[in-house]
Amino acid sequence: MEILSYVPGRIRIEEKRIYKSKRLSDILQLYLSELIGVKRSKVNPTLGTITVTYDPNHINARDLKEKIENTLSDNKEYLEFIAQHYKDYLVEEKNLNIAKKKMLIFGGIYILYKIKQYFFGKFFIASSLPVLKIAAAITIIKGYPKIKRIYKKIASYFPTNPDKLLLALGISLTLMREGNKGTMLLFLKAFTDALNSYSKLQIKKTLLMNTTNPNNLVWFNHDEKEYLMPLKSIEAGDVVTFYENETILVDGTVLSGDAMINQLYYSGQPEIKRIRKRSKVFEGMVITSGSIKVKVSKIPKIAFKPDILLENLNIKKRIKNYQEKSIYVSSILAFISYLLTGSTLTPISVLLLMTPSATNVALNSGLANYLKLLMRNKIILRNVNTVENLVNAESIVFDKTGTLTKGRLKITKIELYDKRYTEDEILKICSSCESNICHPIARSLKVDGTDDINLNDAPLYIPSKGVVANCQGHSVVIGNQKLMVDEKIKIKEKQKHIFMDKGYYLPVYVAIDNILCAKILMIEEIEHNAVQMVSNLRKDNINDISIISGDLKKNTGHIAQSLNIQSYHGSLSPSAKEEYIKNKKSKGPVIMVGDGINDISALKEADVSISFVNNSCEQALLKSDCILKEKNILLVPKLLSLTERAYHRIQRNIDFNQNYNFVMGSLAAFGYIGPFKAKSLNTMNSILAMINSMRILNIKPNIDSVR
């Protein structure tokens, strides 16, 4: 690898490995586009060069060169992953480039014909009417799906590719006529193809931007080096490294390192604990600080929702049905036109005008702009096929912990059982004993003014129970009822009373020198705007709202009561959540909003699954059709409002295209429109479809629905 030129912010590199390798060049181009700080890049396989324009404030030339070198040298698995991940995108991009080249070629030929005919006139075959008819017939064959299938059956006996033969014949016949109108027809056909490919490419590009890594890349350890590899390449017994803010993607044993992990997305409970060498870790745990090397014992089976194909949309089936039947309507109208005019050209005009290609452009460009609209509103839709389920859904199910609640606890009341201590003193003792523990309860109990309290020894944190410490010569036990029983601390029946009656309280008992001194009653904080969100859903006619949780039914019931939700279910296992969604689906499309490992089965089962990009575990994101870019629960009704309005606009656009074809076809039947003008007007229909689709970007959510 050699640097050919360099100025701050721009570097040009010669790399022999990409010379005449289009596939590797495409992959490297995609890799560079994902690097933070890279503004533009051009990988040229013809010259074997790489030109990158970058932001020096985010990345320097040396690091950029090193990243390219490492990627080409040591990350073959990663390069293969990129190739597979972007396969469909590259195919559609190739189709778009081919259409662009055709436009340039036919546009150039058009100009040359104009010059030639001015000086030398036309070739004798240019005025041949049969040649014109054959060229138009070829365009018609390609435009109607049913005719094209019949042609392919017949052409299966040809010794060459029937599509290429049809294309070559059509172009040859048109060019032989030296007709400026015919050449312009080819230009317009290429332009229509470019519009269709561009709209498809926008959908694929947006979906790729919206898709979390489907293979889950991990840092694989080999020969004292780390390599970024897809999870599917990892086997049991391999060693992988996980860093701060990363989700653990495997089950295994810690070989080295020290980290604090959050179990919220693994167990559904907001519990954080410390893990070191020989600790067991499981898929779904999140590292909040530190890093660990893990010997893999089990690789999770990654399964995706199967309904991601655009063909599953009812509106797509409607277009396909229209395209199939359009030949019958067109043929009848063409026959009537022949009876009325007696000309063989008017039926051709009718068939050209009524070619149903514009409906595909209307759908694809409409969906592409709909996806962009959602992104502008901080909503990522990964599964376009769910658009109709979002429009038709009448039922929505929420997970409780971390979804409708903030995943942290709030002190509601302190009961004192020992007159020697005040509420402030109890809180200071708790805060001091739990100062080094990253646990939701510990964070809630922390207060100022604990520097004057000294601990004789480091506190002992007992997962799922509490803390045992020695504070200023006194033994202190802080935790739940199980820990008090273990430490032989007596709890009187009346001291249990509030907890038994108010199941939504989480009691934290505080004992000093084996005597129960206080009980701190804590409660989950409801997510900001959750009440407004429920109200907005009901305004959007979503009245069937329910909560399912692995937490106690009483705790779940309190949250439901606070949000005015009548349907709630607690103490549910992941399989029970899945079964609940399955039963709900029998009455119509169901939306599920969740965030944890214990929600993934339910998310996969739901017709539409929603999670939060920074507040959900990796596996929940993989099962989600829609991801909200921030923890704003009001984005849920906003999604429904925007989707409904965009979908109806797409439908109206398709209706306009179909009516346009029929009206123009009817005019052609009376001889008002010739063959060349017919093709131009048909292309204009595709252009109008694109323009109308852009109006989707201006859609605003219903003000009464989303505030």
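Okay, residues lined up against (1) crowded, with 24+ Cβ neighbours inside 10 Å; (2) closer than 19 Å to Ser611 by Cα:
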{"site": "Ile332", "(1), (2)": "no, no"}
{"site": "Leu340", "(1), (2)": "no, no"}
{"site": "Val350", "(1), (2)": "yes, no"}
{"site": "Gly366", "(1), (2)": "yes, no"}
{"site": "Lys378", "(1), (2)": "no, yes"}
{"site": "Asp399", "(1), (2)": "yes, yes"}
{"site": "Thr412", "(1), (2)": "no, no"}
{"site": "Glu415", "(1), (2)": "no, no"}
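Name the pairs whose Cβ atoms lie under 9 Å apart, with the first residue in the stretch 89-102 and without any contact (Cβ under 8 Å) to a residue 12 or more places away in the chain and farther than 10 Å from Leu201 by Cβ, the second of a type in the set (S, T, N, Q) and surrounded by fewer than 18 Cβ atoms within 10 Å (Cβ to Cβ), and 6 or more positions between them or separate chains?
none
If I ask for residues that are surrounded by 13 or more Cβ atoms within 10 Å (Cβ to Cβ), at pLDDT below 75, more than 27 Å from Leu231 (Cβ to Cβ) and of a type in the set (D, E, K, R), which ones from the stretch 74-120 would you list?
Passing the criteria: only Lys116.
Which ones in the stretch 379-388 are under 16 Å from the mean Cα position of the chain (by Cα) and not β-branched (Val, Ile, Thr)? Spell out the reasoning first.
Restricting attention to the stretch 379-388, the residues satisfying the condition of being under 16 Å from the mean Cα position of the chain (by Cα) are 379-387.
Listed by number, the residues that qualify are Leu381, Arg382, Asn383, Asn385.
Would you call Leu552 farther than 24 Å from Val387 by Cα, among the aliphatic types (A, V, I, L, M) and either at pLDDT 90 or above or surrounded by fewer than 22 Cβ atoms within 10 Å (Cβ to Cβ) (or both)?
yes
Residue-wise test of (1) surrounded by fewer than 19 Cβ atoms within 10 Å (Cβ to Cβ); (2) in contact with an Asp or Glu (Cβ under 8 Å, 6 or more places away or on another chain); (3) modelled with pLDDT of 90 or more; (4) not β-branched (Val, Ile, Thr).
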| residue | (1), (2), (3), (4) |
| --- | --- |
| Asp625 | no, no, no, yes |
| Lys631 | yes, yes, no, yes |
| His648 | yes, no, yes, yes |
| Asn659 | yes, no, yes, yes |
| Val663 | yes, no, yes, no |
| Gly674 | yes, no, no, yes |
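Which of the following residues is charged (D, E, K, R), on the phi < 0 side of the Ramachandran plot and crowded, with 16+ Cβ neighbours inside 10 Å: Glu578, Glu525? First the steps, then the outcome.
Values: Glu525 fails: crowded, with 16+ Cβ neighbours inside 10 Å.
None of the other options fit; the residue is Glu578.
Determine the pairs where a residue that is in the same structural domain as Arg40 (by TED's automatic domain parsing) and under 13 Å from Leu32 (Cβ atoms), located within the stretch 51-79, has a partner that is among the acidic types (Asp, Glu) and at pLDDT 80 or above with Cβ atoms under 6 Å apart, the partner being 6 or more residues away or on another chain.
No pair meets every condition.
Within the stretch 15-27, is even one residue within 15 Å of Ile59 (Cα to Cα), touching a strand residue (DSSP E or B) at 6+ places or on another chain (Cβ under 7 Å) and without any contact (Cβ under 8 Å) to a residue 40 or more places away in the chain?
Our first condition is that a residue be within 15 Å of Ile59 (Cα to Cα); within the stretch 15-27, this holds for none.
Checked the stretch 15-27: no residue is within 15 Å of Ile59 (Cα to Cα), touching a strand residue (DSSP E or B) at 6+ places or on another chain (Cβ under 7 Å) and without any contact (Cβ under 8 Å) to a residue 40 or more places away in the chain.
Given the criterion in contact with a Pro (Cβ under 8 Å, 6 or more places away or on another chain) and modelled with pLDDT of 75 or more, identify the matching residue among Leu217, Leu255, Leu264, Leu249. Steps first, answer last, please.
Working: Leu217 fails: modelled with pLDDT of 75 or more; Leu255 fails: in contact with a Pro (Cβ under 8 Å, 6 or more places away or on another chain); Leu264 fails: modelled with pLDDT of 75 or more.
Going through Leu217, Leu255, Leu264, Leu249 in turn, the sole match is Leu249.
Among Ile581, Ile559, Ile565, which is the only one that is assigned by TED's automatic domain parsing to the domain that holds Leu628, under 25 Å from the mean Cα position of the chain (by Cα), among the hydrophobic types (A, V, I, L, M, F, W, C) and closer than 28 Å to Glu630 by Cα? Let's see the steps before the verdict.
Working: Ile559 fails: under 25 Å from the mean Cα position of the chain (by Cα); Ile565 fails: under 25 Å from the mean Cα position of the chain (by Cα).
None of the others qualify; the one that does is Ile581.
Does Ile565 satisfy being part of a strand (DSSP E or B), modelled with pLDDT of 90 or more, farther than 30 Å from Lys465 by Cα and touching a strand residue (DSSP E or B) at 6+ places or on another chain (Cβ under 6 Å)?
Details: part of a strand (DSSP E or B): no; modelled with pLDDT of 90 or more: yes; farther than 30 Å from Lys465 by Cα: yes; touching a strand residue (DSSP E or B) at 6+ places or on another chain (Cβ under 6 Å): yes.
Spelling it out, it is not the case that Ile565 is part of a strand (DSSP E or B), modelled with pLDDT of 90 or more, farther than 30 Å from Lys465 by Cα and touching a strand residue (DSSP E or B) at 6+ places or on another chain (Cβ under 6 Å).
Could you go through the stretch 398-410 and let me know if any residue there is at pLDDT 85 or above and within 27 Å of His648 (Cβ to Cβ).
Step one: list which residues in the stretch 398-410 are at pLDDT 85 or above, which gives 398-400, 403-405.
Narrowing the set further to residues that are within 27 Å of His648 (Cβ to Cβ) leaves 398.
The answer is yes; a qualifying residue exists.
Give the stretch 585-596 a look and list any residue that's surrounded by 24 or more Cβ atoms within 10 Å (Cβ to Cβ) and either out of contact with any strand residue (DSSP E or B) (no Cβ under 9 Å at 6 or more places or on another chain) or more than 13 Å from Val397 (Cα to Cα) (or both), or say none.
Residue satisfying the conditions is Gly596 alone.
Given the condition touching a strand residue (DSSP E or B) at 6+ places or on another chain (Cβ under 9 Å) and either surrounded by 18 or more Cβ atoms within 10 Å (Cβ to Cβ) or modelled with pLDDT under 85 (or both), answer yes or no: does some residue in the stretch 303-325 qualify?
Filtering the stretch 303-325 for residues touching a strand residue (DSSP E or B) at 6+ places or on another chain (Cβ under 9 Å) gives 305.
Right, trim to either surrounded by 18 or more Cβ atoms within 10 Å (Cβ to Cβ) or modelled with pLDDT under 85 (or both) and you get 305.
So far as the stretch 303-325 goes, yes, one or more of its residues are touching a strand residue (DSSP E or B) at 6+ places or on another chain (Cβ under 9 Å) and either surrounded by 18 or more Cβ atoms within 10 Å (Cβ to Cβ) or modelled with pLDDT under 85 (or both).
Cβ-Cβ below 7 Å, separation at least six or inter-chain, first residue in the stretch 399-419 and over 18 Å from His528 (Cβ atoms), second at pLDDT 85 or above and not in a strand (DSSP E or B): which pairs?
Pairs that qualify, where the first residue is over 18 Å from His528 (Cβ atoms) and the partner is at pLDDT 85 or above and not in a strand (DSSP E or B), are Ile414/Glu423; Ile414/Ile426; Leu416/Glu423.
Filter the stretch 12-71 down to the residues that are among the β-branched types (Val, Ile, Thr) and surrounded by fewer than 16 Cβ atoms within 10 Å (Cβ to Cβ) and list them by number.
Let us first name the residues in the stretch 12-71 that are among the β-branched types (Val, Ile, Thr), namely 13, 18, 27, 36, 38, 43, 46, 49-53, 59, 68, 71.
Within the stretch 12-71, Ile36, Thr46, Thr53 meet the criteria.
Only one of (1) surrounded by fewer than 17 Cβ atoms within 10 Å (Cβ to Cβ); (2) out of contact with any helix residue (DSSP H, G or I) (no Cβ under 8 Å at 6 or more places or on another chain); (3) at pLDDT 90 or above fails for Leu635. Which number is that?
Failed condition: (1).
Kindly indicate whether Lys587 is among the basic types (Lys, Arg), in the same structural domain as Phe398 (by TED's automatic domain parsing), part of a loop (DSSP other than H, G, I, E, B) and more than 25 Å from Leu427 (Cα to Cα).
On the way: among the basic types (Lys, Arg): yes; in the same structural domain as Phe398 (by TED's automatic domain parsing): yes; part of a loop (DSSP other than H, G, I, E, B): yes; more than 25 Å from Leu427 (Cα to Cα): yes.
Here the answer is yes, as Lys587 does meet what is asked.
Mind telling me which of the residues Lys428, Lys413, Lys372, Lys419 ends up being at pLDDT 80 or above, farther than 30 Å from Ala689 by Cα and part of a helix (DSSP H, G or I)? Even if it seems obvious, please write down each step before you answer.
Numbers: Lys413 fails: part of a helix (DSSP H, G or I); Lys372 fails: farther than 30 Å from Ala689 by Cα; Lys419 fails: part of a helix (DSSP H, G or I).
Just a single option satisfies the conditions, and that option is Lys428.
Could you list, in sequence order, the residues of the stretch 225-249 that are aliphatic (A, V, I, L, M) and under 18 Å from Lys273 (Cα atoms)?
So in the stretch 225-249, the residues aliphatic (A, V, I, L, M) come out as 228-229, 231, 234, 236, 239-240, 248-249.
Selection gives Ile248, Leu249.
If you take the residues in the stretch 352-363 that are surrounded by 24 or more Cβ atoms within 10 Å (Cβ to Cβ) and part of a helix (DSSP H, G or I), which one is modelled with the lowest pLDDT?
Applying the filter and picking the extreme gives Leu352.
The values are calculated or read from the model by the stated rules, or taken from the named source; none is laboratory data. None of these values were measured; they are calculated from a predicted model. Reconstructed Cβ throughout: ideal geometry from the backbone, glycine too, with neighbour counts over all protein chains shown.
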